[in-house]
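Have a look at the structure below before the remarks.
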Amino acid sequence: MATKVKLEQDETFSRGKLIRVRFFRNKLAVFGLFGLAMLFFLAFVAPHLDKFKWDQLDFDNMLSPPSLSNGHWFGTSQIGGDTFALTMRGLQKSLIIGLLVAFFSTGLAAIVGASAGYLAGRTDRALMWVIDLLLVLPSFLLIAVLSPLYRGKTWLVFVVLLAAFGWMITARIVRGISMSLRERDFVRAAIYMGVPTRLIIFRHILPNISSLLIIDATLNVGGAILSETGLSYLGFGVQPPDVSLGSLIAEGTNDAMAYPWLFLFAGMILILTVLCVSFIGDGLRDAFDPGATGGQAK
Amino acid sequence: MTLSHTDALIQIRDLSVTFPSESGSVEAVRNVSLDIRAGEVLGIVGESGSGKSVTSLATIGLLPDSARVSGEVLYNGKNLLKLTDEEMSQYRGSDIAMIFQDPLSALNPVQTIGHQIAEALLIHQNISKSAADKKVVELLDVVGIPKPQERARSYPHEFSGGMRQRVMIALAIANEPKVLLADEPTTALDVTVQAQVLDALKHARDITGAAIVLVTHDMGVVAGLADRIAIMYAGKIVEQGPVNEVFAQPAMPYTIGLLHSIPRVDAKAGSRLASIPGSPASPVDLPQGCAFAPRCPAAQDICLSANPPLVQIVSSPDHAAACARVDQIQGLVASNKLFEEGPAHSPTKNESAVNVLELKDLKKTFPLMKGAIMRRRIGSVFAVDGVSLTLKQGQSLALVGESGCGKTTTLIEILNLVAPESGSITVLGKNAATISKKERLALRKDLQIVFQDPFASLDARLPIGEAICEPLKTFGYSKTDQRARLSELLLLVGLNPMHANRFPSEFSGGQRQRIAIARALALNPKLLVLDEPVSALDVSVRAGVLNLLAELQEKLSLSYLFVSHDLAVVQHIADQVAVMYLGSIVETGPVAEVFKDPQHPYTQALLSAVPIPDPIIERGRSRIVLQGEIPSPANPPSGCRFHNRCQIRMILPKDQQDRCSTERPVMKKSTHGEVACHFPIGAK
């Protein structure tokens, strides 16, 4: 009997809403999200409350250990810069670089990999050719060659460069999984229903690879923050006296034994950032995966 | 124990097996007591997860280490469960041998089969290498492998599925065991090959005199082979007794339901299938009372409170059932009205109806390529080789054949809706070769598919509500319309609309297939393509889905193109049947007539190979066992594709035999349809 039963407005959720509900059920994930929000708040608001600016040098207190009395809670650097202000300044950049690079490189990997794997044939060969080419190109060398072009421009160019050279391996993995997914019955069912290719990739292929993509993105956040340091040596992007978390850590490690505060706080903030992102990633992964216990109603 | 016999070879007493799992311990086997008697065939029947395989694995000591086992398995007065793995090895393969379901993974791919059988002989017997080799040839001959001398030097991949299973049987009987455990020995095989393998198994039994434990879900196989059967449900034996008695007078509601829910190839017109409500009990959270009580129409309070023990039935000494109401139930059986029955199947006779699907001489070949760098075509696989079909509106046409005959390729060709390699596809009056992209999309609305495996056909990461709405979304329905249609569809297929937010993993196989059907029906299609829609489901939920399909066809005047290898299911659901062999159709006609009086020798052999779940009928009929297996479609035989396996050709005079092997028969009118045979059966 096909009697119509009127559903209440909220009874049928779309997948997006269901994933949100499942995500917020996960305490650690919510904690991670809160933590990341706090880090953003700290990075962008706290410097305004602090009495020292990041580029302000306090010649009375050079290499001072953390102390409440002189107002340098995190201590000072060799030339009297306030470590707290520097760390926050670095955090501003590193947060944005880390998250944006992870987002773009994983996103690019997902779209290129899934398209190559799903469409197969000529598209696959062309995309694979590009991926292989990028893989064999020495990316650091290329960036070094290109660096004069970007000198003096915004450090956001970094994000583009880091993302552009970091997606290929993931894309190859995604392609492999997509190739096996396209043979599955639910994808064939969607094709026979007349669902357009673009929607099949976004609705069926990518959600089924989401666990891998989320892990990849999570790892990329930490990776991007650190490899940004490496690129700084090549003389562009975040340049001294400006700082990033990576450059703070790199400089601070030289005197790690004698003046641990120089890198310890930056290091701990980095760990905290990566930890929060991991929690969020775990929560998202469980929210996407119906088999995971994390997102189920208790 | 009430059923204890003096001639018991193996006595299983109070066997319980539990597996730890994330969601709690899985009680795979619960207090099973069973006797395996010398020289008998004991059938253990149950659905997936009923504990039938675990029972047999426990007997031979092959359970994983994580299993917690209690109880006793007594053989010659020794408890096999107490033995170490090394001590058990003395019995395994010599006294108790096992035949596995999948012979491909049970045989070592890098050793010749002769070597593997000889290995089994040399371990348990003190004989020379050359004597062992001689014995190997004898064994291969016993199980019916042609040219055993040569074949002993072949590797497993050089054998077909049926031949591999024969090798497994040879391996199992090598040391003349007292007990042969066969775990779903024919499930992975086609019916005609299944008949061959069961024959080989019977022959092996006659020669060695071993007791056989036949673990299966197929009531038909049990009816033909077993002397006694034990029916398992949720890890417990719920009924046990001589095969004739259990089939004739089942005492446990589960058995009754099962017997009435299995479609039979010899069913009369107007027969109905009883459907058991619900889905098989999960072995994780078993109820306190009878595990079947939640699905049992005769359940009362007493069934919910206490787990009934297996007790002897007063009227017969060897027949036992585990049901609290066994006395009343046996009275109910006579009326056959314990379970709700689906609609009677009445073939529709609608001659004036329009054609929804027309295939004319459809062909599809796949290239055979060779070489890694210079790829060149070395031949073709003739997957579909000239198929012509007509399906009228409101009717269901079944495409029947064994695996590899090209039925799935035919389906895919139809669903692709593009110009075929050769021939024509016309769906609802539109030729697939000439329609525009827009028309093709519009046509998809009327043509939908239900796949075989509901676990693969639903996206595990999409809530079922969204999966069902996907076709609606594609064709631009508004959000409110989608929602209304969703609840309508869920009710139509017998699911709760409140469950739309759940993921497929929260549903059982039968429920998932209902979801897949709901999705296919979303756009009110005219033609539904069903690719083996029940073969992946548990026996007890098949009838429910079949009844649903029959009901929907009547209500929505759908046309079904039904693809199946299961002739009993076809008999129940289809009006017209087309039998396919090696890429082409050999016989068509109305199901009832074709099945009663097949014209093509292949149809006849296929029908005779299907086991009927009734021991008296099954044992009383003569069976045509075909020679060999389906040839490769890359290299089809000349003339009639079937000529080298044909049972009719063998008795023909020489000149007529030559006609079969040289001239390919075309479809021509037969008594009740069309047949492609030079010498159809009815014509003689």
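The values are calculated or read from the model by the stated rules, or taken from the named source; none is laboratory data. Nothing here was measured: the structure is a model prediction, and the numbers come from that model. We place every Cβ from the backbone using ideal geometry, glycine too, and count neighbours over all the protein chains shown.
Things worth noting here:
- Taken together, the criteria place residue B:546 among residues that are of a type outside the set (Lys, Arg), more than 30 Å from residue B:669 (Cβ to Cβ) and under 16 Å from the mean Cα position of the chain (by Cα).
- Within the stretch B:265-281, the set of residues being in contact with a Ser or Thr (Cβ under 8 Å, 6 or more places away or on another chain) and surrounded by fewer than 22 Cβ atoms within 10 Å (Cβ to Cβ) comprises B:269, B:270, B:279.
- Residue that is nearest to residue B:556 (Cα to Cα), among those in the stretch B:506-526 that are within 9 Å of another protein chain (Cβ to nearest Cβ) and surrounded by fewer than 22 Cβ atoms within 10 Å (Cβ to Cβ): B:523
- Flag for residue B:463 being crowded, with 23+ Cβ neighbours inside 10 Å and under 23 Å from residue B:558 (Cα atoms): no
- From B:473, B:437, residue being closer than 20 Å to residue A:207 by Cα and either touching a His at 6+ places or on another chain (Cβ under 6 Å) or more than 8 Å from every other protein chain (Cβ to nearest Cβ) (or both): B:473
- Among the candidates B:449, B:464, residue that is in contact (Cβ under 8 Å) with a residue 12 or more places away in the chain, within 13 Å of residue B:518 (Cα to Cα) and out of contact with any strand residue (DSSP E or B) (no Cβ under 9 Å at 6 or more places or on another chain): B:464
- Residue match in the stretch A:207-226 (condition: within 14 Å of another protein chain (Cβ to nearest Cβ) and small (Gly, Ala, Ser)): yes
- Filter result for residue A:49 (crowded, with 22+ Cβ neighbours inside 10 Å and at pLDDT 75 or above): no
- Residue-level analysis places residue B:503 outside the set of residues that are in contact (Cβ under 8 Å) with a residue 24 or more places away in the chain, touching a Lys or Arg at 6+ places or on another chain (Cβ under 8 Å) and surrounded by fewer than 17 Cβ atoms within 10 Å (Cβ to Cβ).
- Out of A:184, A:175, sole residue that is among the basic types (Lys, Arg), buried (at least 21 other Cβ atoms within 10 Å of the Cβ) and within 30 Å of residue B:449 (Cβ to Cβ): A:175
- Test result for residue B:67, surrounded by fewer than 16 Cβ atoms within 10 Å (Cβ to Cβ) and aliphatic (A, V, I, L, M): no
- Among the conditions (1) surrounded by fewer than 19 Cβ atoms within 10 Å (Cβ to Cβ); (2) assigned to a loop (DSSP other than H, G, I, E, B); (3) under 29 Å from the mean Cα position of the chain (by Cα), the only one that residue B:141 does not satisfy is (2).
- Residue in the stretch A:75-100 that is nearest to residue A:228 (Cα to Cα), counting only those that are without any contact (Cβ under 8 Å) to a residue 40 or more places away in the chain and outside any loop (DSSP other than H, G, I, E, B): A:85
- When residue A:195 is tested against (1) part of a helix (DSSP H, G or I); (2) facing chain B (nearest Cβ under 7 Å), exactly one condition is not met: (1).
- Enumerated strands (runs of 3 or more DSSP E) restricted to the stretch B:1-64, each holding at least 3 residues that are on the phi > 0 side of the Ramachandran plot and over 25 Å from the mean Cα position of the chain (by Cα): none
- The single residue among B:257, B:224, B:235, B:241 that is of a type outside the set (A, V, I, L, M), within 30 Å of residue B:138 (Cα to Cα) and buried (at least 22 other Cβ atoms within 10 Å of the Cβ) turns out to be B:224.
- Verdict on residue B:529 being within 14 Å of another protein chain (Cβ to nearest Cβ), surrounded by 24 or more Cβ atoms within 10 Å (Cβ to Cβ), closer than 30 Å to residue B:404 by Cβ and modelled with pLDDT of 90 or more: yes
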